[in-house]
1. Any residue at all in the range 10-18 that is surrounded by 15 or more Cβ atoms within 10 Å (Cβ to Cβ) and touching a Phe, Trp or Tyr at 6+ places or on another chain (Cβ under 6 Å)?
2. Does the range 267-285 contain at least one residue that is more than 26 Å from T174 (Cα to Cα) and either surrounded by 18 or more Cβ atoms within 10 Å (Cβ to Cβ) or modelled with pLDDT of 95 or more (or both)?
3. Out of V252, V305, which single residue is crowded, with 18+ Cβ neighbours inside 10 Å, assigned by TED's automatic domain parsing to the domain that holds L176 and touching a residue at least 60 places away in the same chain (Cβ under 8 Å)?
4. Is at least one residue of the range 45-52 closer than 18 Å to D130 by Cα, touching a residue at least 24 places away in the same chain (Cβ under 8 Å) and within 24 Å of the chain's Cα centre (by Cα)?
5. Checking the structure you have, find out if any residue of the range 260-276 is in the same structural domain as F187 (by TED's automatic domain parsing), in a strand (DSSP E or B) and in contact (Cβ under 8 Å) with a residue 12 or more places away in the chain.
6. On the phi < 0 side of the Ramachandran plot, touching a residue at least 24 places away in the same chain (Cβ under 8 Å) and not hydrophobic (A, V, I, L, M, F, W, C): does that describe Y114?
7. Sort out which residues of the range 119-155 are out of contact with any helix residue (DSSP H, G or I) (no Cβ under 8 Å at 6 or more places or on another chain) and either modelled with pLDDT of 95 or more or charged (D, E, K, R) (or both), and write them in order of number.
8. For the range 290-309, check the following and say yes or no: at least one residue is assigned to a loop (DSSP other than H, G, I, E, B), under 27 Å from E150 (Cα atoms) and among the hydroxyl-bearing types (S, T, Y).
Amino acid sequence: MPNGTMKTVRVHAFGGPDELRLDEVPVPQPAPGEVLVRVHAVGLNPPDWYLREGMPGVPPELLPPLDLPLVLGTDVSGVVSAVGADVEGFATGDEVFGMLRFPTSPTGSAYAEYVAAPASDLAHKPAGIDHARAAGASMAALTAWQYLIELGHDHPSPFQAHRHEPVPIGPGTTVLVNGAAGGVGHFAVQLAKWKGARVIAVASGTHEAFLRDLGADEFIDYTQARPEDVARDVDLVLDTVGGPDSPRLLRVLKRGGALFPVYLAEYDPEELAALGVTTSATQVRASGRQLEALGRLLGDGTLRVAIDSTYRLADARAAHERAGRGHLQGKIVLTVA
């Protein structure tokens, strides 16, 4: 089992990207039910920068314990270096990927050369993709899967009283994905096409060729046209942007349709009733079982992982600065090995 020290990126004070520091710390040791992963790549996600900032806007009574310094990151791909007690299905040398501890812990401590990972959060990395793409898949692909295909757990949603239920999609249904070029969006486009749906992708014009290559049947450049003015009779909207503009997308739905916001949005119950549509949201949860299913689709090429940009672990600050500029095409990844 590796001993000694490792490089990691930690937040010592909440704030901007300049608060990220490269530190030397002891290599963690796996507890029962965990494996030690030698990290090759880390996928970046919005919770990383929310946590770096101290989760502003979250009421103090809802904030999880945030003890500084802390290590950001949930999405990893790497190689098992050691196996803790009570672990089955993984052995030293296995290539694995996963989303760690989310949302039960505010961080999976992934920005590091090694991470102690719950075995239940991991899946075997498909041989057909590299570590960068595997790391870029976990949270974004799981989010799209749990919204569109299978929730896969019975945990209450923090966003609504009722349990989120994906709606059936397939031939004869139309799915509109808002923010289609981003991490969750580009997986949602592909999963909806895999199920046989007609897909409308909404993004800026620079992403049209990329999204059509992923299978989008129709493209709306939101800088040139408002989706609610041109799309009609949609069965399902997956809105990866959310926020105060999300309710305008209700107008593209047919009666009986549904809108799923990935990020928080508020809707008028009277408008929903008048239009005859529903909304539903959930919070993505770690699932090695679901990642195994996604891994098969990644391995056979059904799903592709788009990489917006890659940075070394030591350049995590620059990676966060890139995230802050927005308009991503796919995922930002840190390379570690």
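1. Within the range 10-18, not a single residue is surrounded by 15 or more Cβ atoms within 10 Å (Cβ to Cβ) and touching a Phe, Trp or Tyr at 6+ places or on another chain (Cβ under 6 Å).
2. Yes, the range 267-285 has at least one match.
3. Being crowded, with 18+ Cβ neighbours inside 10 Å, assigned by TED's automatic domain parsing to the domain that holds L176 and touching a residue at least 60 places away in the same chain (Cβ under 8 Å) holds for just one of V252, V305, which is V252.
4. Looking for residues that are closer than 18 Å to D130 by Cα, touching a residue at least 24 places away in the same chain (Cβ under 8 Å) and within 24 Å of the chain's Cα centre (by Cα), one finds none in the range 45-52, hence no.
5. Checked against the condition, which is being in the same structural domain as F187 (by TED's automatic domain parsing), in a strand (DSSP E or B) and in contact (Cβ under 8 Å) with a residue 12 or more places away in the chain, the range 260-276 yields at least one hit.
6. So Y114 fits the description; yes.
7. Within the range 119-155, D130, H131, A132, A135, L151, D154 qualify.
8. yes
The values are calculated or read from the model by the stated rules, or taken from the named source; none is laboratory data. Treat the numbers as computed from the prediction; the structure is a model and nothing was measured. Cβ sites come from the backbone with ideal geometry, for glycine too, and all protein chains shown count toward neighbours.
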